[in-house]
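Derivation of every value follows stated rules applied to the coordinates shown; laboratory data play no part. As the structure is a prediction and not an experimental result, all values here were calculated from the model. FYI the Cβ positions are ideal-geometry reconstructions off the backbone, even for glycines, and counts take in every protein chain you see.
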Amino acid sequence: MKNLLPYSLLLIGLLTSCGKKEETGKPQQEETPVTSQNGAKIVFPDQKMIAFFTTETAGNSMQSARFSAPAKVAATVAKSGEGAQQNIILFEDPSLSFNYTELLTHQQKIKQLQGILAQKDAVIARKKVEVARFDDLFKNGAGTGKDVANAQIELLSAQTDASVAANDLAAERTAIIEHETRLKAAGFNPAALRQAPVAKAFVICEVPESQLNNIKEGAACTLSFNAFPNQTFEGKIDDVADLIDQNSQMVKVRITVDNSSGHFKAGMFATVAMGISQGNTLSIDKNALVTVQGKSYVFVRNGADTFIRKTVELGRMTDDRFIVYQGIQAGDSVAVKGVMQLKGLSFGY
């Protein structure tokens, strides 16, 4: 009996060893998410894996992005007491008054030169007819070569006069560019100045480049003036300048405000509250969005184990949220964490 004990222990050890080898040698299959519908549908094998992703419920909310900026009344509009066709623009900056006056002067000269050039072109057309007529008479023996030569000289003279007028016109147009550039750099649109109605005040403010997506031409804004504490006035955003200051990264915004009361004077300081209000709209967190080849997508949870890729049409972003016009509905559970992993599974990278 004592002699059998070592062999029994050896046999148990071998069986145990074989069992372990068999267990370790057996390949274990790892369950992975399954994609279908060209990657638009992703099904996860268990709740532990899908729990990695965080979602939020898409819903309607008021989206706004208001901010304030210091401003100044840069110009006011008054009617000419002498009956001039153009209204008077009273600028806070005297150099702009010079530029605007010169601009109007050059524009008037351009109109005159255009009229003169039209007359010269008419003379040229008439002289060409005369040259052709005298040339025909000469060929048929009813006229002289001198008549033809005189008609050609008169045609050449008319063409020279027209060329001088055309050069003068080009010079006037070139001269306008400098004055237009200075007015635009100050936040003024020359065309808007010429058409400005009486009793309007132009307010100029500077806003950071990063806030440009919150400014919409034609939108309403609120102004408060140092001269009129505890009062607010309604204005309208007329224009956003084409030029961004490379040192400050600020851009000029022009606002018009009614000045029928005559309260506002060029040079007055103000504060402008502006921004956008999107109303009661559907929105998503910016982290929910992925963009592939110019198209925008989000991933919506569908049931306990599935995400569905949705193409969305977006509006502007405010407060780190995108307005959604199409693609999802209120109540959808949209992924906001793990979105890059879903993108990789959906698109294969």
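Once you keep just the Cα pairs under 8 angstrom separated by 6 or more residues, what percentage relative contact order results for the chain? Walk me through the numbers before you get to the answer.
Numbers: 587 pairs, mean separation 93.0, N = 349.
Once normalised by length, the contact order is 27 percent.
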Within 10 Å, at most 10 other Cβ atoms, and a DSSP state outside H, G, I, E, B define an exposed site. Report the longest part of the chain free of exposed GluC sites (Glu not before Pro). 83-349
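Give, to the nearest whole percent, the P(r) tail of the chain beyond 26 angstrom, counting all Cα pairs. All intermediate terms of the calculation are to be shown ahead of the outcome.
Details: 43513 of 60726 pairs.
Above the 26 Å cut-off, the chain has 72 percent of its Cα pairs.
Would you calculate a helix-derived [θ] at 222 nm for the chain, using -39,500 (n - 2.57) for each DSSP H run of n ≥ 4 and dividing by the full residue count, to the nearest 500? Mind showing how you got there, number by number?
On the way: 6 runs with 126 residues, N = 349.
The helix-only estimate for the chain comes to -12500 deg cm²/dmol at 222 nm.
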Where does the charge balance sit around Tyr297 when Lys and Arg score +1, Asp and Glu -1, over other residues with C-beta under 15 Å from its C-beta? +4
Farthest positive-ward along the chain dipole, Cα basis, beta-carbon charges - from Ser210, Thr160, Thr57: Thr57
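So, R0 is 56 Å and r is the distance between the beta-carbons of Gln112 and Ala330; what FRET efficiency does that work out to, to 0.05? Intermediate values should be presented prior to the final figure.
Numbers: r = 64 Å, r/R0 = 1.14.
Computed FRET efficiency for Gln112 and Ala330: 0.30.
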When the charge dipole of the chain is computed with +1 at the Cβ of Lys and Arg and -1 at the Cβ of Asp and Glu, the Cα pointing farthest to the positive end, of Val298, Pro229, Leu169, is that of Val298
Too-long pairs where the Cα-Cα distance tops 22 Å, listed order kept, from Lys216/Lys343; Lys79/Lys200; Lys109/Lys265: Lys216/Lys343; Lys109/Lys265
Under unit Cβ charges (Lys, Arg +1; Asp, Glu -1), what dipole magnitude, rounded to 20 debye, does segment 222-273 have relative to its Cα centre? 160
In percent, what relative contact order does segment 94-185 have, based on Cα pairs under 8 Å that are 6 or more apart in sequence? 49
Row for segment 94-185, column shape: gyration tensor on C-alpha, a ≥ b ≥ c, rounded if a/c < 1.5 i.e. under 1.5, prolate if a/b over b/c, else oblate; value prolate
Estimated inter-spin distance, Arg133 and Ser68, nm [label 7 Å along Cα→Cβ]: 7.8
Residue among Pro70, Pro33, Val272 farthest towards the positive dipole end of the chain, charges placed on Cβ: Pro33
